[in-house]
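Scroll down for the structure; my scribbles are underneath it.
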Amino acid sequence: MFSIQQIVNVWVHFLMNLFKISGNILSQEVSLVQLSQKLEQLVNQTGGEVLKAILEQADEAIYAASKPEHRYQVKAHRSRTLTTLWGEVTFTRTYYQDKTDSSYHYLLDEWLGLDKSTHIEPFCRARLVTRSADVSYRKYVALTTPARLSGQSVLQSIRKLGTIPNQAAVMPAAKPGIHKVYVEADEDHVAMQKGHAKEMKLINVYETKVPVCQGRRKLLGRRTFSGWETPSQLWPAVNRYIQQTYGTEQMPEVVIKGDAAAWIKSGTEYVWNSTHVVDGYHASQYLRKIAGKGTSTALYEALKANDCEAFVKEVQRKLRKSPQREKAIRDGYQYIMANWEGIHKALTQPDAASSTEGHVSHMLSDWLSSRCMGWSPIGAEQIARMRTYIANVGNLEAYARKQFTAHRQTRKPEVNQEILKKEWSRRKLPYCTYVPDEAAHMPGREWMRLIENGGYQHIM
């Protein structure tokens, strides 16, 4: 708790600098862009000064409260630098020796839960990790703090966060009245730093698609899953989510859309009451391989009519007409025949239309494979899971703050708590900002003078 008087003393200095900077606009000494840059620097500087003052006064309060106990002996006063949202903040704290066991302590650090290896303040670290889901490590350092941080520092923050489980986001309310649920599955081929590319799987569960604007729709009731896991690990998690959300007594019909990859087709073995449908994109891709530059109308009509004989005759006609394309035609033919039922459903059921490629492009490829870079398995999965958590309407920054402070070893100073509370409440921010001569020329001087003379009226 700080008094109104204390807050004004800090902000008077801020306003004085602000008026000096803004006055230069009238004389055309600075542009609007330069003014905004200077204002940003001023805000960061003021925030850092306030944080430094609070920490140093907390250290003084701890010292005053520990003095009557005669348990701790002061050995030194040492500075420490933390990277914060306002830049690097350097503050001084007291180094003690405990007379009972000869151990050494920074009581302020222990009170704050800062271990000696922490160089980035937890709130700043959480903001860094949050922005890493969208832009490169070095770019989001510049977006988060004016301090200089290496990409390696950000990488260590992501590693400390850990891999977010697919189940981390809050579960939606139960929806027992839904009779049909759709699942779209596909993968992104992510280049590895060592070895061949790996398949990052992506699964979206949703209830229906609703139009957003012309030519664009969004998934309603969407829940996303991603990871390197095998089908036997990933699909049961999807099945559990469907059961918990839509009920087990009247299990909804589940339509799994995707290409003919073995891991996608195996979803029917793990998800109750499910069928597999080949998405229209891949069906059209292989039909075009058969048709080449010619028309594919007859092929489509045979598939829609479920007339396998007519389809085979049309393929044979294509072979006779274009023998030089035999390999492409046979590849397309084998794919269609191996997935005939799924492709027939895709062409005859209006709700079988799929947007798997778009989701993979937006969720995974946009960050993992669209750039020329190689990933480590853990790094790619962490980024994918962070983007998945955001897609599941999770607050990534709040999650990161909780994780970074969950295992923090806080230790209340073993001092008289009543004295500590008294010392803390009576301390004020230093009068390093109030200059009466300069304040006399500031707008609003009268109301600030009234506040200065108003005593210690505390606010929460």
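The values are calculated or read from the model by the stated rules, or taken from the named source; none is laboratory data. Since this is a predicted model, take the numbers as computed values, not measurements. Ideal geometry is used to build each Cβ from the backbone, glycine not excepted, and the neighbour counts take in all protein chains shown. For the accessible areas, the whole protein counts, side chains as well, though only heavy atoms, and no ligand, DNA or RNA atoms are used. Shrake-Rupley method; radii C 1.70, N 1.55, O 1.52, S 1.80 Å.
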*Is the range 84-96 home to any residue that is over 35 Å from the mean Cα position of the chain (by Cα) and farther than 18 Å from Ile419 by Cβ?*
yes
*Criterion violated by Leu219 - all others in (1) among the hydrophobic types (A, V, I, L, M, F, W, C); (2) closer than 17 Å to Trp375 by Cβ; (3) out of contact with any helix residue (DSSP H, G or I) (no Cβ under 7 Å at 6 or more places or on another chain) satisfied*: (2)
_Close pairs (8 angstrom Cβ cut-off, 6 or more residues apart or separate chains): among the polar types (S, T, N, Q) in the range 102-120, surrounded by fewer than 17 Cβ atoms within 10 Å (Cβ to Cβ) and part of a strand (DSSP E or B) anywhere_ = Ser103/Gln97
_Every residue in the range 167-181 that is open to solvent by 10 Å² or more (accessible area, probe 1.4 Å) and closer than 16 Å to Gln403 by Cβ, please._
Gln167, Ala168, Val170
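Checking the condition over 28 Å from Val360 (Cα atoms), open to solvent by 40 Å² or more (accessible area, probe 1.4 Å) and more than 34 Å from the chain's Cα centre (by Cα), which residue from Glu314, Glu309 passes?
Result of the check over Glu314, Glu309: Glu309.
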*(1) more than 30 Å from Ala305 (Cβ to Cβ); (2) free of Cβ contacts under 8 Å to residues at least 40 places away in the same chain; (3) among the aliphatic types (A, V, I, L, M): which one isn't true of Ala328, the others all being true?*
(1)
*Exactly one of (1) open to solvent by less than 80 Å² (accessible area, probe 1.4 Å); (2) under 30 Å from Val238 (Cβ atoms) is unmet by Tyr281. Its number?*
(1)
*Of the residues that sit in the range 335-372 and are at pLDDT 80 or above and assigned to a loop (DSSP other than H, G, I, E, B), which one is farthest from Ala133 (Cα to Cα)?*
Asn339
*asked:* Restricting to the range 146-166, name every residue that is surrounded by 14 or more Cβ atoms within 10 Å (Cβ to Cβ), assigned to a loop (DSSP other than H, G, I, E, B) and polar (S, T, N, Q).
replied: Thr163, Asn166
*part of a loop (DSSP other than H, G, I, E, B), farther than 29 Å from Gln382 by Cβ, open to solvent by 40 Å² or more (accessible area, probe 1.4 Å) and touching a Gly at 6+ places or on another chain (Cβ under 9 Å) - does that describe any residue in the range 101-118?*
no
*Note down all Cβ pairs under 8 Å where the first residue falls in the range 259-276 and is touching a residue at least 40 places away in the same chain (Cβ under 8 Å), the second is open to solvent by 30 Å² or more (accessible area, probe 1.4 Å) and assigned to a loop (DSSP other than H, G, I, E, B), and they're at least six residues apart or on different chains.*
Trp263/Thr230
*Under the condition of being hydrophobic (A, V, I, L, M, F, W, C) and surrounded by 15 or more Cβ atoms within 10 Å (Cβ to Cβ), which residue from the range 124-136 is farthest from the chain's Cα centre (by Cα)?*
Cys124
_Among (1) in a strand (DSSP E or B); (2) surrounded by fewer than 17 Cβ atoms within 10 Å (Cβ to Cβ); (3) in contact with a helix residue (DSSP H, G or I) (Cβ under 9 Å, 6 or more places away or on another chain), there is one condition Ala76 misses while meeting the rest; what is its number?_
(3)
